[in-house]
Structure formats: C-alpha cells, structure tokens
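Okay, so here's the structure we're looking at.
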Amino acid sequence: MISLYLLLSGSAFAQDVDPDARARELYENGAALYEEGRYEEAIVAWDEAYRLSERHALLYNIANAQERLGDYEAALDTLAEYRALAPASERDVLDRRLRSIERRMEESGQTASTTTVPAGSGTSRDVDLLPIGLIGAGAVALGTGTVFGVRSRSAGAELETMCISGLCPSEAEALVQRNTRSALIADIAWGVGTAAAAGGVVVWVIDDSMRIQPTPGGVLLGGTF
C-alpha cells in the first residue's frame, strides 16, 4: 500500500511540474555555473532547459560555454543552429561572431569540418568598417552643419543692423535668402550627422553582443520564460 501511495504521489508531483518554471530554474543554474567557470555543467543545465522550453536564445549561451572550453567546432555548430532560428536583424552580428570563433579555431591549430558562415554574407573587414563609416559620415555632416550654422548667424547679425522692427530694405533680400538657406542646410546636416554618428556608436557597442548580459565569465543572452 505504502509503495503504491508513493508511486502515485510521485506521478502526481511530476504532472504538477511546470516545464517553463523548470526551464527557468535550469537557465539560472546554468548562468551561475557559467559565472563560476564550470562550463561543462552549465552546458548540461542549458541543454535540458532548451529541451524543456525550446527557447532558441539558450543555444547562444551553450555556444559561449563550448567556446570557453575550447570546443570550437561544437561552438560553431551550435551558433550556426541559433543563426538559422534567429531574427534576420541579428544575422550580420552572428556572422561576425562565427568568424571570430573560426579565427580562434585556426589559431589553436584546429580546422572546421565545414564552412559555417554562409557565402555572400560579407567579410569581417566589411563589418568592421560599418561603424567607422557611420561615425565618419556623421562627423562630416556635423561639420557641414556647423559651417552653415555660422553662415546663418553671420547673415542674421547683418540683417539685425539693416532691418528695423522686421522691416528690411530691398537690398537685404539676398541676405534674407542666404540666412534662410544656410539655416535650413545647417538643421538638416546636424540631424543627419547626429543620427549617423549615433548609429555608428550603437553598431560598435552591440557588435558581438546583441541582447547580451555581461558576466564575470563572459556574456550571456538573457532568456525570458
């Protein structure tokens, strides 16, 4: 009787376990183990969390742990699997991450069995130049805005000496047009320059990180359960 009761109780308990709650617990266990440098155990926890939840972000974390262990081929395979399931907006950053692992693999004397990064996705140098190009374009646009801003202020100062209570002589018409045109160009250039420079900084910062949380042992993608 007692054995039957325990068996039935155990079955009822198993049915009451929420797979999502268990997956969340396993994710947190894996994150703690990763921070302690216990990468093999972290992989075990995240593998089980992925099996229960099918949260694809866990694959990114598993790839990180595999890379920390020096198992570059496994890291490439896992990250390539995540790339196939990730949003299109993350593909370029993931391609660079894959190339980074391939370089470390080559430096360690290992060779990949297959080409992981898809052909035609650009080169690592292309991605490197993107934030630099954006910031450079932003700086040029901001410089242009400053030049035309100075011209606008200069024309405005001249108009102040020529116009009285908003009434200007006919000879001031060209000066009014220069002031208006310079102010417009300055505003557009400043807007474009600020946006380009900010975009370059954002690309620079998020490169190799995406939705990443820093940890003492590296970086992780935070899962939402």
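A Förster radius of 30 Å combined with the Cβ-Cβ distance from Glu35 to Val140 puts the calculated FRET efficiency at roughly 0.10. Principal axis extents of the Cα atoms in the stretch 18-120, from largest to smallest and rounded to whole angstrom, are 43, 30, 19. With a Förster radius of 35 Å applied to the C-beta separation of Ala88 and Asp20, the computed FRET efficiency comes to 0.85. Taking each residue as 0.36 nm, the span from Val150 to Thr194 lengthens on full extension beyond its C-alpha to C-alpha distance by 14.1 nm.
Read-outs throughout are calculated quantities, based only on the coordinates presented, and are distinct from any laboratory measurement. Predicted model only: the values in this text are computed from it and were never measured. Positions of Cβ are backbone-derived with ideal geometry, glycine not excepted, and every protein chain shown enters the neighbour counts.
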